[in-house]
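Written out below as structure tokens is the structure these notes cover.
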């Protein structure tokens, strides 16, 4: 992959459009799609947080859409849930940016229609999606305020988009102690040590006895944490 940069600039819309019916819209490019979840009404005078939710290998975007559907109204925030072009994200398959290019398209459409708060954008990911969230969030610090990840497998950073004055995104990670896919001591512990060594503020939540499946508490706890960042 030639770059992890998200290159579409933030903008406020000339005219704010209302919320889609039932607060859900599907955005497609002919190859893949994303779900946009919104509060029931959109106030043009407000600026809304935008949280991008990234699934794990196997593309559980529809499951995540159901799981996050009520969060948009409850938290008065926007959620976008893209589906990877392949079985997992382009960074992991070696493809040259099909998912990043689509995400740029999705962001451009959202920025043109809805008032996004540029200082309240974040990523939340699961397994491969957590690794991808870390890669995108840390490589685009001017866009993302925070990264939340459940069972991240690795850390990757493209330094070309990071300036010396850029703030570092805050990071929340959760990992199960009995995860056999990404074992805690062999994967989670080195990841956290690496990130902290690079100067990132990392909050680690240990799921005692947890396996490679998200705890029931992760989604709510992560979004509560982001609300306080």
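Hey, any hits in the stretch 100-117 for a residue that's more than 28 Å from residue 13 (Cα to Cα) and surrounded by fewer than 24 Cβ atoms within 10 Å (Cβ to Cβ)? Please lay out each step first, then the result.
So the first thing to find is which residues in the stretch 100-117 are more than 28 Å from residue 13 (Cα to Cα), and the list is none.
No, the conditions are met nowhere in the stretch 100-117.
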- Note on the structure: Of the candidates 192, 147, the one satisfying the condition of being over 17 Å from the mean Cα position of the chain (by Cα) and closer than 27 Å to residue 59 by Cα is 192
- Starting from the stretch 216-229, keep only residues that are under 17 Å from residue 145 (Cα atoms), then list their pairs with residues that are surrounded by fewer than 11 Cβ atoms within 10 Å (Cβ to Cβ) and modelled with pLDDT under 95 whose Cβ atoms are within a distance under 9 Å, requiring at least 6 positions of separation or different chains. none
- Scanning the stretch 22-39 residue by residue, those touching a residue at least 24 places away in the same chain (Cβ under 8 Å) and assigned to a strand (DSSP E or B) turn out to be 24, 27, 33, 34, 35, 36, 37
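Could you tell me which residue of the stretch 191-201 is nearest to residue 229 (Cα to Cα), considering only residues that are touching a strand residue (DSSP E or B) at 6+ places or on another chain (Cβ under 9 Å) and outside any helix (DSSP H, G or I)? Walk me through how you get there before you give the answer.
We begin by selecting, within the stretch 191-201, every residue touching a strand residue (DSSP E or B) at 6+ places or on another chain (Cβ under 9 Å); these are 191-192, 195-196, 200-201.
From what's left, outside any helix (DSSP H, G or I): 200-201.
Numbers: 200: 14, 201: 11 Å.
In this case the residue turns out to be 201.
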- Message: If I filter the stretch 167-180 down to residues being farther than 19 Å from residue 145 by Cα and surrounded by 15 or more Cβ atoms within 10 Å (Cβ to Cβ), which single residue comes out as farthest from the chain's Cα centre (by Cα)?
- Response: 179
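Residues are listed down the side, and each one gets a yes or a no for (1) in contact with a strand residue (DSSP E or B) (Cβ under 9 Å, 6 or more places away or on another chain); (2) modelled with pLDDT of 95 or more; (3) farther than 20 Å from residue 146 by Cβ:
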{"residue": "8", "(1), (2), (3)": "no, yes, no"}
{"residue": "35", "(1), (2), (3)": "yes, yes, yes"}
{"residue": "50", "(1), (2), (3)": "yes, yes, no"}
{"residue": "71", "(1), (2), (3)": "yes, yes, no"}
{"residue": "79", "(1), (2), (3)": "yes, yes, no"}
{"residue": "82", "(1), (2), (3)": "yes, yes, no"}
{"residue": "86", "(1), (2), (3)": "no, yes, yes"}
{"residue": "103", "(1), (2), (3)": "yes, yes, no"}
- Message: So in the stretch 36-62, with the set limited to residues that are under 21 Å from residue 153 (Cα atoms) and out of contact with any helix residue (DSSP H, G or I) (no Cβ under 8 Å at 6 or more places or on another chain), which one is surrounded by the fewest Cβ atoms within 10 Å (Cβ to Cβ)?
- Response: 58
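A quick yes/no check of all residues on (1) modelled with pLDDT of 95 or more; (2) surrounded by 20 or more Cβ atoms within 10 Å (Cβ to Cβ); (3) part of a loop (DSSP other than H, G, I, E, B):
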| site | (1), (2), (3) |
| --- | --- |
| 154 | yes, no, yes |
| 157 | yes, no, yes |
| 165 | no, no, yes |
| 185 | yes, no, no |
| 189 | yes, no, no |
| 205 | yes, no, no |
| 216 | no, no, yes |
- Query: What are the residue pairs meeting all of these: first residue in the stretch 183-202, first residue touching a residue at least 24 places away in the same chain (Cβ under 8 Å), second residue surrounded by fewer than 14 Cβ atoms within 10 Å (Cβ to Cβ), Cβ atoms under 6 Å, and 6 or more apart or on different chains?
  - Reply: 202/196
- Keeping to the stretch 167-183, report how many residues are out of contact with any helix residue (DSSP H, G or I) (no Cβ under 6 Å at 6 or more places or on another chain), under 19 Å from residue 136 (Cα atoms) and in a loop (DSSP other than H, G, I, E, B). 2
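The values are calculated or read from the model by the stated rules, or taken from the named source; none is laboratory data. All values reported here derive from a predicted model rather than from experimental measurement. With ideal geometry, Cβ positions are generated from the backbone for all residues, glycine too; neighbour counts draw on all protein chains shown.
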